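Encoded as structure tokens, the structure appears first; notes follow it.
Please treat every number below as a calculation from the coordinates, not as lab data. Just so we're clear, the structure is a prediction, and the values are computed from it rather than from any experiment. When we count neighbours, we look across all protein chains shown, and the Cβ atoms used for this are built from the backbone with ideal geometry, even at glycine.
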């Protein structure tokens, strides 16, 4: 994982919650959670992770960089597909273990399956845990096989 | 952590991504990530975690239940504050390690600091990692001390 010394370590809770210093609280794997929403529609496009280096690159460039859990490496969103995410606004939450980026999604979609959003299935409520998922907004807008050279996930 | 046998285990990637079975992929701590957005505005209210029991309770009741990392227990959102979250729609993502709930937030806010959203500070972009956070939409809408009996976080 990347050098967490890129950021100051978190102080007491009152400082973390009410202060002006960005002191991300990395988990045991050195990661924070990132939620990317479409800056125009508010739709959640994807949830992924950032290590310290991905956070620093994101802040420095204004484009989304992640840490890929499956490939165990720093990952510039769109590096294979060209589907980069230009950040309109970036926020952190009260305990600073998550960030929210509002993005302009370049290209047809954010999801490696070819869809606009990774959240293309609903979970039926008020029933049993085993109910079937329902596809929604699930149209494939691009052909993953044509976009990714090696079938990399989520790039 | 709760009984993961409440849900079937994930199958091959093609089934997880393109199938109709909800087979959540729990992390090493038995958790999935949950993003709660305001069903009306699209604003991200909070990011938290659900274990299998919280997921099952959420699905059964149509209200948000989480697993509190700080208290290490199942947590019905609003159990102390009354600020429950009624779910309008629940989705899962391509690899089923995250869920997105669109909610009607009952009461003035979702954040234990007294704000509407936990994401009340922006991170300046295109600069150094050490730039100061800027408060935005950060008005305190309720007094946490009056709402929580024991200063519990995020309830």
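Values for this structure:
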quantity	calculated
Minimum Cβ-to-axis distance in chain A for the rotation onto chain B, with residue, whole Å	A:42, 1
Contact order normalised by residue count of the stretch A:41-112, Cα under 8 Å, 6+ apart, percent	24 percent
Long-range tail of P(r) for the stretch B:2-57 (Cα pairs > 14 Å, %)	60 percent
The stretch A:100-137-the stretch A:59-80 distance, computed between alpha-carbon centres (Å)	20 Å
Descending semi-axes in Å of the protein assembly as shown, equivalent ellipsoid built from Cα gyration tensor	27, 26, 17
Inter-copy spacing of residue B:82 label points, which lie 7 Å from Cα along Cα→Cβ, given in nm from shortest upward	5.5
Other protein chain Cβ atoms within 10 Å, averaged over every residue that makes up A:43-50	4
Whole-number D in µm² s⁻¹ for the stretch B:76-120, Kirkwood Cα-pair radius fed into Stokes-Einstein, 10 °C, 1.306 mPa s	137 µm²/s
Histogram of C-alpha separations across the stretch A:76-155, 10 Å bin width, %	17, 35, 31, 17, 0
Normalised per residue, the volume of the convex hull around the Cα set of chain B (Å³)	147 Å³
Order by protection proxy (mean Cβ within 10 Å, highest first), peptides A:56-68, B:134-146, B:23-35	A:56-68, B:23-35, B:134-146
Other copies of residue A:135: label-to-label distances in nm, shortest first, labels 7 Å along the beta-carbon direction	4.8
Residue-averaged 222 nm ellipticity for chain A, from DSSP H runs of 4+ at -39500 (n - 2.57), nearest 500	-3000 deg cm²/dmol
Exam field: residue A:21 pseudo-label spacings to other copies (7 Å along Cα-Cβ), nanometres	4.9
Percent RCO, i.e. relative contact order, over chain A, from Cα pairs under 8 Å lying at least 6 residues apart	20 percent
The stretch A:10-86, relative contact order [Cα under 8 Å, separation at least 6], %	17 percent
Nearest-ten-degree value, helix A:52-61 long axis tilted from longest Cα axis of chain A	80 degrees
